[in-house]
1. If you go through segment 194-207 one residue at a time, do you hit one that is within 20 Å of residue 252 (Cα to Cα), modelled with pLDDT under 80, among the polar types (S, T, N, Q) and crowded, with 24+ Cβ neighbours inside 10 Å?
2. Condition test on residue 190, is it assigned to a helix (DSSP H, G or I) and within 23 Å of residue 249 (Cα to Cα)?
3. Restricting attention to segment 50-82, report how many residues are touching a Phe, Trp or Tyr at 6+ places or on another chain (Cβ under 7 Å) and in contact (Cβ under 8 Å) with a residue 40 or more places away in the chain.
4. For segment 106-124, what are the residues that are among the charged types (D, E, K, R) and more than 24 Å from residue 238 (Cβ to Cβ)?
5. Among 6, 41, which is the only one that is surrounded by 14 or more Cβ atoms within 10 Å (Cβ to Cβ) and either assigned to a loop (DSSP other than H, G, I, E, B) or at pLDDT 80 or above (or both)?
6. Would you check if residue 174 is β-branched (Val, Ile, Thr), surrounded by fewer than 23 Cβ atoms within 10 Å (Cβ to Cβ), at negative phi and touching a Leu at 6+ places or on another chain (Cβ under 8 Å)?
7. Take segment 116-145 and flag every residue that is assigned to a loop (DSSP other than H, G, I, E, B) and aliphatic (A, V, I, L, M).
8. Anything in segment 79-137 that is closer than 22 Å to residue 212 by Cα and of a type in the set (Ser, Thr, Tyr)? List them, or say none.
Amino acid sequence: MIRLVALMMLASTVGAAESAVDIDTAAQIYQAAAIREQVRASLGTMPGQMRKLFSRDVSAPLSQEQLAAVTAAAERGFRIDVFEPPALSALAENLDAATVIKAKAFLASDLGRRMVDADVAAATLGEANIDKVMEGELAVPSTPKRDAIVDKLVRATHSAESTVQVFLSMGEAVAVGTAIGSGLDPSAVAERARKSSETNRAEMEETMRQPMRRFLAYSYRNLSDSDLKHMLSFLESSAGKRYVTAYNASMGAGFDAMGKRTGEQLGESLRELAQAHLDAPAENRVPPGIALPESPSAAPH
């Protein structure tokens, strides 16, 4: 829903009174929501995003050869076949039969199909245009009434919180995977990443609120005020809340898996480079800033 990064992880939780559904049932929701198409649209930018992530840490700078290894590792790690198995499992674990019925009905409706089309279109805007939208350089006309509806959508989807959460969790996954591949202590890396994330989470979430308002407004620019109200009605229902939570859990699991795969590939490459240059492997440590990017606006789109 809305922008891919805005619905990957939801901060709130839902009750699990009913049992999870099977993978085949989850796959029906996965297909109806066009998750594969949205994720694929983001994967092409990930090697460059990961390289930027590592390049920003001046305390432990990597050589051009090592940065090239980052790019290559991301190309091998951020793939749809790495994303889908854990994503589908998480989706199944967080859905229930009642939610599936109502979510399928909504997604199959005229409004649901137009919402999904808008989601896919937003995911395929490209990194440069997405950044322009979030920075306010590319905007659409609005009214106070529509702004109020968009604000409610931001709250209902926890878009700012989810954007920050996926960026931090993916950074941690890459860091831990790199530690494992490099023969370092992954628990120490994970703890450092966790502390760093929690210290800065609130500030990062607040920073993301206005950019996400802009992106929501742009993404759904062709939907009427009435359409947005009906979307909001579904999202705020019990089934809608559980659907969003399952959707976000799916995205989180998939991107975590790709982050870990990238980290493992990178760890192997850094170790090989260290051996080739007779350097100590410990020098190729995980840059300490990786789990705390400067801005979540660089997150996958």
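The values are calculated or read from the model by the stated rules, or taken from the named source; none is laboratory data. All of these numbers come straight from a predicted model, not from anything done at the bench. Heads up, the Cβs are rebuilt from the backbone with ideal geometry, glycines too, and the neighbour counts pull from every protein chain shown.
1. no
2. yes
3. Total satisfying the criteria: 2.
4. Answer for segment 106-124, where residues must be among the charged types (D, E, K, R) and more than 24 Å from residue 238 (Cβ to Cβ): just 117.
5. On the way: 6 fails: either assigned to a loop (DSSP other than H, G, I, E, B) or at pLDDT 80 or above (or both).
On inspection, the qualifying residue turns out to be 41.
6. Here the answer is no, as residue 174 does not meet what is asked.
7. Matches in segment 116-145: 125, 138, 139, 140.
8. The one that is closer than 22 Å to residue 212 by Cα and of a type in the set (Ser, Thr, Tyr): 124.
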